[in-house]
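Structure first, commentary second.
The values are calculated or read from the model by the stated rules, or taken from the named source; none is laboratory data. Given the structure is predicted, the values throughout are model-derived calculations rather than measurements. Please note: Cβ atoms are built from the backbone with ideal geometry, for glycine as well, and neighbour counts cover all protein chains shown. Accessible surface areas use protein heavy atoms only, side chains included; no ligands, DNA or RNA. Shrake-Rupley method; radii C 1.70, N 1.55, O 1.52, S 1.80 Å.
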Amino acid sequence: MVEHVDEQDRVLAVVGRGEAVRRGWLHRIAVTVCRDGRRQVLVHRRSEQVSRFPGRYELMAGGAVAAGESYEEAAVRELAEELGIDTTVRSVVKFLNRDGLSPHWLGIHEAVVLVDPKPRADEVAWHGWLPESELREFMHRYPFTPDSREAWERYRAAVG
């Protein structure tokens, strides 16, 4: 269950995520950019078994914010579920995102990860750390999820 929200991110109702996506209702998504001790960025390729954007690459790990959950709580939960990472996150920026599967508020977070990720095989097919200087070329070479580029640009603008 997720919270159907309005253009100001105020809760209107609690609905199923499938219904929110089908009807194009705004809801909340939380993602996290993971950086290692050298400020490299964790990139991963989604498993072919996932229902949304199988085989596509991403710069951020995350998913839907459950009803009653904060963006930060969802970001921490999703990191643990998808990548086996147990850490704190820092909120960076939130924006109304109309790209991707359906419109949503996207809360972007950042985490410093000093342990090796242990991704779930049914969620993540590959992962690796890339220096930021190589990301642009990597993003042009491989297929990324629809909102990855805008989310990355918003993140970069927010962190300077």
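Within segment 123-156, take every residue that is open to solvent by 50 Å² or more (accessible area, probe 1.4 Å) and small (Gly, Ala, Ser) and give me the one that is nearest to the chain's Cα centre (by Cα).
Ala125
Residues that are under 22 Å from Arg28 (Cβ atoms), at pLDDT 95 or above and not basic (Lys, Arg): does segment 47-57 have at least one? Steps first, please.
Going residue by residue through segment 47-57, those that are under 22 Å from Arg28 (Cβ atoms) are 50-53, 56.
Adding the requirement that they be at pLDDT 95 or above leaves 56.
Retained after the next criterion (residues that are not basic (Lys, Arg)): none.
Checked segment 47-57: no residue is under 22 Å from Arg28 (Cβ atoms), at pLDDT 95 or above and not basic (Lys, Arg).
Take the conditions under 15 Å from the mean Cα position of the chain (by Cα) and over 19 Å from His4 (Cβ atoms) and apply them to Ala75. Does it pass?
Numbers: under 15 Å from the mean Cα position of the chain (by Cα): yes; over 19 Å from His4 (Cβ atoms): yes.
Yes; evaluated as a whole, the condition is true for this residue.
Return the residue satisfying two criteria in turn: it lies in segment 81-114 and is free of Cβ contacts under 8 Å to residues at least 24 places away in the same chain and of a type in the set (Ser, Thr, Tyr), and of such residues it is farthest from Val5 (Cα to Cα). Talk me through it step by step, then tell me what you get.
The initial filter retains those residues of segment 81-114 that are free of Cβ contacts under 8 Å to residues at least 24 places away in the same chain, namely 86, 88, 90-91, 98.
Checking the rest, the ones that are also of a type in the set (Ser, Thr, Tyr) come to 88, 91.
On the way: Thr88: 26, Ser91: 19 Å.
Out of the qualifying residues, it is Thr88.
Pick from Ala30, Ala75, Ala61: which is in contact with an Asp or Glu (Cβ under 6 Å, 6 or more places away or on another chain) and closer than 18 Å to Trp152 by Cβ? Can you show your working first?
On the way: Ala30 fails: in contact with an Asp or Glu (Cβ under 6 Å, 6 or more places away or on another chain); Ala75 fails: in contact with an Asp or Glu (Cβ under 6 Å, 6 or more places away or on another chain).
When all the criteria are applied, what remains is Ala61.
Of these, Pro146, Pro117, which one is in contact with a strand residue (DSSP E or B) (Cβ under 7 Å, 6 or more places away or on another chain) and either part of a loop (DSSP other than H, G, I, E, B) or touching a residue at least 12 places away in the same chain (Cβ under 8 Å) (or both)?
On the way: Pro146 fails: in contact with a strand residue (DSSP E or B) (Cβ under 7 Å, 6 or more places away or on another chain).
After ruling out the rest, the residue left standing is Pro117.
Is it true that Arg120 is over 13 Å from the mean Cα position of the chain (by Cα), open to solvent by 20 Å² or more (accessible area, probe 1.4 Å) and either within 26 Å of Gly24 (Cα to Cα) or modelled with pLDDT under 95 (or both)?
Working: over 13 Å from the mean Cα position of the chain (by Cα): yes; open to solvent by 20 Å² or more (accessible area, probe 1.4 Å): yes; either within 26 Å of Gly24 (Cα to Cα) or modelled with pLDDT under 95 (or both): yes.
Yes, satisfied.
Please determine whether any residue of segment 94-106 is modelled with pLDDT of 95 or more and either of a type in the set (Val, Ile, Thr) or within 16 Å of Val43 (Cα to Cα) (or both).
no
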